[in-house]
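Asks: The structure that follows is given in the form of structure tokens.
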Amino acid sequence: MTPTENERPRAWTAQQAAQDHSWILRLTPQAVQGFRDALAHARSLDKPLLSMTQADFPLPPASRDVLARAVATTQGRWGMCLVKGFPVDEWTEDESRLAYWGMSLYMGVGRTQNRASQFMNDVRNEGGEYKVKGGRGYNTNAGLDFHQDSCDVVGLLCRRTAKSGGTSKVISSIALYEEVRRRRPDLIPVLQGTFFHSYQGTQDPSQPPYYRCPIFGSHPEFFSARTNRKNTVAAQRDFPEVPRLTAQQEEALDLLDELMPSELLCYTMQLEQGDMQLLNNYVTLHSRTPFEDYDEPDRKRHLFRLWLAVPGSQPLPDDWQEYYGDVRAGAVRGGVRGSAITQEFLDYEKRQAAALGMPFETWRPQLLKEDMARIVAGSQASATA
């Protein structure tokens, strides 16, 4: 069930998020023990992650309920939830990964996240570069632009914190929209128009290397926003056939860059060991400060990241279908396909969707390379006519 109008996400400021912590949940000892016991059971089975079902990670009501509340919280007032108290200090890296995947079986359908089609990413500095062709932020120690991830809800489980830095920043994209409308109402239609964004190499081989998606959605009932200037700039830099940004589009993006880190909108939180952060990607945007690691390998900053399609998600605007694939409420959608999808993953997503009662359609590209080539050629012809 999607939330009623009164239950839907609403705009919030940094000060409001700091004063009202109803978006923070703390695990009870009973819930914690439930996760411990489920992990012990899953370890005894030694099944591949993609073969697991809820029965392989059996949670008692106290543990199941907190996961259900956490996901529901992301679809409500704040569009985010922080759950504190997972006993990752007791678990090895592999045990933490297994436990987090087991939790995901109760929360949603995992989506693939990169060109290698991985369904769980390790967020840690592995020497990657951020603002380069094909660059992603999760394997660097760089500060990140405000962005959202390509799914209903992004989840981070914090296993190790940094020596310094790595602070999480979150804003309400509804509040961002309202501030743009207050300052520059003339730019709202611009931000609801067509923008081209680079896939950064994460597309299926049949897809074009870039896609179209507005910054602000135009659904008549449900708000949605999507921006990552790094990928918009990359489309301009790497693909000369992509229409050039207009002066108004540049001005609108500059205004977003001014507003997003502002004291009015930007709420900062330091994820602690054992924290799980869940963010609704349609109504929040997030970033991170640079960080410095400890020297010892097992003390380095390390989080597990899941991209989830969740039951109860909102419908999306029709013109977001090109990127998300399915705009129906509660449907399995999102993720980036990559080039290494396995049959095991295809079996998993279909089985997991059925277990959660979510609408599911077998993936197909919304646009092929040749389709986009015709569209871009047509826009070039119109521009020169």
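The values are calculated or read from the model by the stated rules, or taken from the named source; none is laboratory data. None of these values were measured; they are calculated from a predicted model. As a convention, Cβ positions derive from the backbone with ideal geometry for all residues, glycine included, and neighbour counts pool all protein chains shown. Side chains included, ligands, DNA and RNA excluded: accessible areas come from the protein's heavy atoms. Shrake-Rupley method; radii C 1.70, N 1.55, O 1.52, S 1.80 Å.
Asks: Taking the options Asp326, Asp293, name whichever one is without any contact (Cβ under 8 Å) to a residue 60 or more places away in the chain and acidic (Asp, Glu). Give the steps one after another, and end with the answer.
Replies: Details: Asp293 fails: without any contact (Cβ under 8 Å) to a residue 60 or more places away in the chain.
Matching residue, one of Asp326, Asp293: Asp326.
Asks: Within segment 207-225, how many residues turn out to be within 14 Å of Asp318 (Cα to Cα), assigned to a loop (DSSP other than H, G, I, E, B) and either touching a residue at least 40 places away in the same chain (Cβ under 8 Å) or among the charged types (D, E, K, R) (or both)?
Replies: The total comes to 10.
Asks: Checking Pro3 against (1) surrounded by 13 or more Cβ atoms within 10 Å (Cβ to Cβ); (2) modelled with pLDDT of 95 or more; (3) out of contact with any strand residue (DSSP E or B) (no Cβ under 7 Å at 6 or more places or on another chain); (4) not aromatic (Phe, Trp, Tyr), only one condition comes out false. Which one?
Replies: Failed condition: (2).
Asks: Just one of Tyr294, Tyr267 is open to solvent by 20 Å² or more (accessible area, probe 1.4 Å), in contact with a helix residue (DSSP H, G or I) (Cβ under 6 Å, 6 or more places away or on another chain) and closer than 29 Å to Ala162 by Cβ; which is it?
Replies: Answer to the check: Tyr267.
Asks: Restricting attention to segment 18-55, report how many residues are farther than 21 Å from Gly274 by Cα and either surrounded by fewer than 18 Cβ atoms within 10 Å (Cβ to Cβ) or among the small types (Gly, Ala, Ser) (or both).
Replies: 11
Asks: Take segment 147-167 and flag every residue that is modelled with pLDDT of 95 or more and either under 14 Å from the mean Cα position of the chain (by Cα) or surrounded by fewer than 16 Cβ atoms within 10 Å (Cβ to Cβ) (or both). Write out each step before concluding.
Replies: Pass one, segment 147-167, residues modelled with pLDDT of 95 or more: 147-159.
Listed by number, the residues that qualify are His147, Gln148, Asp149, Ser150, Cys151, Asp152, Val153, Val154, Gly155, Leu156, Leu157.
Asks: Determine which single condition Arg226 fails, assuming it passes every other condition in (1) in contact with a Phe, Trp or Tyr (Cβ under 6 Å, 6 or more places away or on another chain); (2) crowded, with 20+ Cβ neighbours inside 10 Å.
Replies: Only one criterion in (1) in contact with a Phe, Trp or Tyr (Cβ under 6 Å, 6 or more places away or on another chain); (2) crowded, with 20+ Cβ neighbours inside 10 Å is unmet by Arg226, namely (1).
Asks: If you check every pair at least six apart or on different chains, which have Cβ atoms under 8 Å apart with a residue in segment 6-33 that is in contact (Cβ under 8 Å) with a residue 12 or more places away in the chain first and a residue that is open to solvent by 100 Å² or more (accessible area, probe 1.4 Å) second?
Replies: Pairs found: Ala14/Glu263; Leu25/Arg69.
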